[in-house]
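Working notes for the structure below.
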Amino acid sequence: MFDEFPVMDELKALGANVSLGILDFSPERADIVRRFNHDNIPVIAWLLLPEEGGYWFNIKNMDLATERYEQFKAWTRENGLEWTGLGIDIEPDYNEMEGLMRGRKRVMVPILKRFLDRPARRYANVGYWKLVSQMHADGYPVDSYHLPFIVDERKVGSTFIQQFAGLVDVTTDRDVLMLYTSMVRPHGPGILWSYAGDAQSIGVGSTGGGVQMEGIGDIPPLDWIELSRDLRLARRWTEDIHIFSLEGCVQQGFLGRLKDFDWDGPVTIPLDSARGVNLFRKGLQGILWASAHPVLAFLGAFVSIRILSRLLRRKK
């Protein structure tokens, strides 16, 4: 990709930063990083695991994530690489997700066990806190890439979805909410608009590329019209925007078009769709609050039923 297209020149013209997925510690990947360093293009190391290890960071693979970081540091030293920061991607285990998509019922067994295994959750939370602390001690600012419902859980103090999906809420220097409208057509713009106000940084996409998962049909990438819409919607809330992915942008010829992009161009605000998403989120937050405060939820329901019962008796 970097040899066939004038990628470096276009990135420099945009003044863009790059989050580079570290899928391996190969000489070829090190050469790419050195090219970014040579051209003074800021590059963030987006740390990932092999697919057999879960690919993304989560409650199951904290020890692997810590080991991976040590391997990354050794590779960085050996190759003289420079990074402006690190990124950790908090998502469900790749193998669990693939199993669910393919209808494998046995995948539910470890998911259900997680609800009962509080020590494992505490172990992972402490472990990731230590990992981020070590990254800071090594001089790196840290980004975390989150699915948007993490915002709803934080608002009500719940961990229900995190327990189900095997996630951890890691505190880092910058949260990036992955608001990829290509994954949730036709509701994507409403979801983006609903969550954008809660985001420190917004990730839009996907323009193509990324991990392939069996059991999921082909999802068309964003075309230029869709990407332009998402960028303008996101810009109404923040100037800190990520586009996933560089590979897709190169393949579709988007980098050159982004150079003179009109950020203030016309865009339809998806108010009706966002209202529906907001209503759904209110209901979701109510359920999540009840899951985090079962005693209060029970007492509230009990008192409400008693009051309703008395009112009905008076009417009779």
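The values are calculated or read from the model by the stated rules, or taken from the named source; none is laboratory data. Because the structure is a prediction, the values reported are computed rather than measured. Note that we place each Cβ from the backbone using ideal geometry, even for glycine, and neighbour counts take in every protein chain shown.
Details
- Considering GLY157, GLY166, the condition of being within 14 Å of TRP289 (Cβ to Cβ), in contact (Cβ under 8 Å) with a residue 24 or more places away in the chain and small (Gly, Ala, Ser) is satisfied by GLY157 alone.
- Residue tally, condition closer than 17 Å to ILE243 by Cα and surrounded by fewer than 17 Cβ atoms within 10 Å (Cβ to Cβ), over the stretch 21-47: 1
- Of the set (1) touching a helix residue (DSSP H, G or I) at 6+ places or on another chain (Cβ under 8 Å); (2) in a helix (DSSP H, G or I), all apply to GLU28 but (1).
- The lone criterion from (1) in a helix (DSSP H, G or I); (2) within 17 Å of the chain's Cα centre (by Cα); (3) small (Gly, Ala, Ser) left unmet by SER144 is number (1).
Residue by residue, here is whether (1) closer than 21 Å to SER19 by Cβ; (2) part of a helix (DSSP H, G or I) holds:
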{"site": "PRO221", "(1), (2)": "yes, no"}
{"site": "ASP230", "(1), (2)": "yes, yes"}
{"site": "TRP237", "(1), (2)": "yes, no"}
{"site": "CYS249", "(1), (2)": "yes, yes"}
{"site": "ARG257", "(1), (2)": "yes, yes"}
{"site": "PHE261", "(1), (2)": "yes, no"}
{"site": "GLY265", "(1), (2)": "no, no"}
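- The residues listed here are LEU20, LEU47; of these, the one that is within 17 Å of the chain's Cα centre (by Cα) and without any contact (Cβ under 8 Å) to a residue 40 or more places away in the chain is LEU20.
- Enumeration of residues in the stretch 264-316 that are among the hydroxyl-bearing types (Ser, Thr, Tyr), farther than 14 Å from SER158 by Cα and modelled with pLDDT under 95: SER304, SER309
- All positions within the stretch 48-75 that are surrounded by 17 or more Cβ atoms within 10 Å (Cβ to Cβ), in a loop (DSSP other than H, G, I, E, B) and not β-branched (Val, Ile, Thr): LEU48, LEU49, GLY54, TYR55, TRP56, ASN58, LYS60, ASN61
- Candidate set: the stretch 233-277, residues that are farther than 29 Å from VAL151 by Cα and of a type in the set (A, V, I, L, M, F, W, C); chosen: the one surrounded by the fewest Cβ atoms within 10 Å (Cβ to Cβ): PHE261
- Any chance PHE36 is assigned to a helix (DSSP H, G or I) and within 23 Å of LYS259 (Cα to Cα): yes
- The C-beta contact set for the stretch 276-289 (first residue closer than 19 Å to PHE164 by Cα, second residue surrounded by 14 or more Cβ atoms within 10 Å (Cβ to Cβ) and of a type in the set (Val, Ile, Thr), distance under 6 angstrom, 6+ apart or interchain) comprises GLN285/VAL156; LEU288/VAL156; TRP289/VAL156.
- Failed item in (1) in contact with a helix residue (DSSP H, G or I) (Cβ under 6 Å, 6 or more places away or on another chain); (2) on the phi < 0 side of the Ramachandran plot, with ARG77 passing the rest: (1)
- Residue check for GLY209: touching a strand residue (DSSP E or B) at 6+ places or on another chain (Cβ under 6 Å), within 28 Å of VAL43 (Cβ to Cβ) and at pLDDT below 95: no
- Pairs with Cβ under 8 Å, 6+ apart, first in the stretch 217-232 and surrounded by fewer than 18 Cβ atoms within 10 Å (Cβ to Cβ), second part of a helix (DSSP H, G or I): ILE219/SER182; ILE219/MET183; PRO220/SER182; TRP224/PHE254; TRP224/ARG257
- SER273 vs. criteria within 21 Å of GLY208 (Cα to Cα), in a helix (DSSP H, G or I), in contact (Cβ under 8 Å) with a residue 24 or more places away in the chain and out of contact with any Leu (no Cβ under 7 Å at 6 or more places or on another chain): no
Residue-wise test of (1) within 17 Å of the chain's Cα centre (by Cα); (2) farther than 19 Å from SER133 by Cα; (3) among the hydrophobic types (A, V, I, L, M, F, W, C).
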site: ASN79; (1), (2), (3): no, yes, no
site: TRP83; (1), (2), (3): no, no, yes
site: LEU86; (1), (2), (3): yes, no, yes
site: ILE90; (1), (2), (3): yes, no, yes
site: GLU98; (1), (2), (3): no, yes, no
site: ARG106; (1), (2), (3): no, yes, no
site: ILE111; (1), (2), (3): no, yes, yes
site: PHE115; (1), (2), (3): no, yes, yes
site: ARG122; (1), (2), (3): no, no, no
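- Members of the stretch 83-116 that are outside any helix (DSSP H, G or I) and surrounded by fewer than 14 Cβ atoms within 10 Å (Cβ to Cβ): ARG102, GLY103, ARG104
- Residue within the stretch 157-170 that is in a helix (DSSP H, G or I) and at pLDDT 95 or above present: no
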